[in-house]
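Heads up, the thing below is written out as structure tokens.
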Amino acid sequence: MCWTTDSRDMLNGLVGLKVPYSVAFMVITAVRFLPIIITEVATVITVQRLRGFNPKKFGSGIIKTLLNILTPTLANCVRRTGTLAVSIQSRAFRANPDRTSLKKTGVFKH
């Protein structure tokens, strides 16, 4: 869904289902970040294998493997969220309680 559906359409759909706009925006943002995070995890694994790290599949080595993968991934996620937060604040997100939309949502209206 995150690869094929436009973000605005997903957001309008959730708002049409009476999900609060702020919550719908957070959900859409999280969904749009999934492919980026998946790609980043794959990159971290490739880089660590090139450095000679041999990931263990079972036993106590799984904890070390997960920490070696999650640490740089989480660091990059924190950096991205900081940039996203500044971007959202600079565009005055939630400055007014009323929202307008370019397209009307036609969800469940008869």
Rounded accessible area per residue of the stretch 30-91, 1.4 Å, Å²:
77
State the extension gain, in nm to one decimal, for the chain segment bounded by residue 17 and residue 80, taking 0.36 nm per residue of separation less the distance between their alpha-carbons.
19.8 nm
Sorted by packing (mean other beta-carbon atoms within 10 Å per residue), highest first, where do 75-86, 16-27 land?
16-27, 75-86
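The values are calculated or read from the model by the stated rules, or taken from the named source; none is laboratory data. Note that the coordinates shown come from a computational prediction; the quantities given were computed from them, not determined experimentally. Counting neighbours? That spans all protein chains shown, and the Cβs are built from the backbone with ideal geometry, glycine included. Quick note on the areas: whole protein, heavy atoms, side chains included, nothing else; ligands and nucleic acids left out. Shrake-Rupley method; radii C 1.70, N 1.55, O 1.52, S 1.80 Å.
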